[in-house]
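Engineer: Starting off with a structure, shown below.
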Amino acid sequence: MGFADFGGFMRLRHLAMALSNLPPHPQHDVSLEQYATEGDFAARWVAEIVERGDLNGQTRVVDLGAGNGILGIGCHLAGAATTLLIEKDKHCQHDYEGVEWLIGDVKEWDGNDVDLVIMNPPWGAQISMADRPFLETAFNSDAKVIYLLHSDKATHIQPLAKSLNWDGEIALSGAFKLPALYEHHRSREGVTKVTVWRFIRN
Ligand code: SAH
C-alpha cells in the first residue's frame, strides 16, 4: 500500500519510523516467549486496521502482552481514543505520552472499557498453551474486534474462537525473524511465517 495516507492521521512511512524508534524489547526472558514485532510490519498492520474501519478517534485499544508497546502505540499514533498496554515484564515499560501501562499478568485485566484488542502473545512454543490465557481473556472481553498475530502453523485458534462465538478471517500474512534466543525454532529460511487474524463476534 506504499506511502498512502490512512485515516488522515499519519503516513505509513512515518508510522513505521516512529515504531522502529521505540526502545527495543529487552527480550531477555525466554520463558515469556518474547518475539517482538518489527516497526514496518506493525505499521502495515495498524494501517490495515484503519483501512478496515476498526480504528478511529473513538476506539479504546488494549494491547495484551505489549512488550515495548509497539502494537498499542501504533494504534495510539493512528488516533485511538485510549490505549492500555498490558505486559508482565516490567523491563519493557518506558514512558510514552498518551498511553497507559498495566504491568502484570494478562489475567489481571478485567476485559472492560475496550473496543479493540490487539496482540502478539506468546505462541506456546516454549511453554505449551502459554497463549491460552491471552486468547481466553480477549475472547471473553468486551471488545468488538480482536487482532491476533500467531504462527501460521497454529491450528487451535479458529476452533477456540468459534466455540466462544467469534468469527475469524486472515487480515495479513508475513514473516518474522525470531531472535537468536529462539534459533532452534527457525525454519531453513531463517524466518517463521505468521498470520494476523481479525475476529468479530458472530
Ligand atoms: N506485543 C509485542 C511483544 C510480543 S512478545 C510485540 O509484538 O512486539 C509477547 C509478550 O508477552 C512478551 O513481551 C512477554 O513478556 C509478554 N507476556 C508473556 N506472558 C505474559 C502474561 N502471562 N501476561 C502478560 N504478558 C505476558
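Engineer: Of all residues in the stretch 25-65, which are more than 9 Å from the ligand (Cβ to nearest atom), in contact with a Ser or Thr (Cβ under 8 Å, 6 or more places away or on another chain) and either among the basic types (K, R) or under 17 Å from A138 (Cβ atoms) (or both)?
Structural biologist: If the condition is that a residue be more than 9 Å from the ligand (Cβ to nearest atom), in contact with a Ser or Thr (Cβ under 8 Å, 6 or more places away or on another chain) and either among the basic types (K, R) or under 17 Å from A138 (Cβ atoms) (or both), then W45, R60, V61, V62 are the ones that fit.
Engineer: Could you give every pair whose Cβ atoms fall below 6 Å, whose first residue belongs to the stretch 58-73 and is in contact (Cβ under 8 Å) with a residue 60 or more places away in the chain, and whose second residue is assigned to a helix (DSSP H, G or I) and near the ligand (Cβ under 6 Å from one of its atoms), counting only separations of at least 6 or pairs across chains?
Structural biologist: L64/V106
Engineer: Only strands (runs of 3 or more DSSP E) wholly contained in the stretch 32-108 count here; list those with 1 or more residues that are surrounded by fewer than 17 Cβ atoms within 10 Å (Cβ to Cβ) and either at pLDDT 95 or above or of a type in the set (A, V, I, L, M, F, W, C) (or both).
Structural biologist: 100-103
Engineer: Can you name the residue in the stretch 141-167 that is among the small types (G, A, S) and within 15 Å of V194 (Cα to Cα) and is also farthest from the ligand (Cβ to nearest atom) among such residues?
Structural biologist: Per the criteria, the residue is A154.
Engineer: State which residue is nearest to the ligand (Cβ to nearest atom) when the search covers only the stretch 114-140 and only residues that are at pLDDT 95 or above and surrounded by fewer than 19 Cβ atoms within 10 Å (Cβ to Cβ).
Structural biologist: P133
Engineer: Can you name the residue in the stretch 66-79 that is over 19 Å from W109 (Cα atoms) and among the small types (G, A, S) and is also nearest to the ligand (Cβ to nearest atom) among such residues?
Structural biologist: Going through the qualifying residues, I end up with G74.
Engineer: Going through the stretch 95-113 one residue at a time, which ones are out of contact with any Ser or Thr (no Cβ under 6 Å at 6 or more places or on another chain), away from the ligand (no atom under 13 Å from the Cβ) and not charged (D, E, K, R)?
Structural biologist: Y96, G98, N112
Engineer: Which residue, of G65, G111, G104, is in contact with a helix residue (DSSP H, G or I) (Cβ under 7 Å, 6 or more places away or on another chain) and more than 22 Å from A171 (Cα to Cα)?
Structural biologist: G111
Engineer: When residues of the stretch 142-164 are filtered for being under 21 Å from R52 (Cα atoms) and either in contact (Cβ under 8 Å) with a residue 40 or more places away in the chain or not in a helix (DSSP H, G or I) (or both), how many remain?
Structural biologist: Qualifying residue count, the stretch 142-164: 9.
Engineer: May I pose another question? Is there any pair with a first residue in the stretch 34-48 that is free of Cβ contacts under 8 Å to residues at least 40 places away in the same chain and under 14 Å from M119 (Cβ atoms) and a second that is in a helix (DSSP H, G or I) and β-branched (V, I, T) whose Cβ atoms are under 6 Å apart and which are 6 or more apart or on different chains, and what are they?
Structural biologist: A42/I70
The values are calculated or read from the model by the stated rules, or taken from the named source; none is laboratory data. Because the structure is a prediction, the values reported are computed rather than measured. Backbone-built Cβ (ideal geometry, glycine too); neighbour counts: all protein chains shown.
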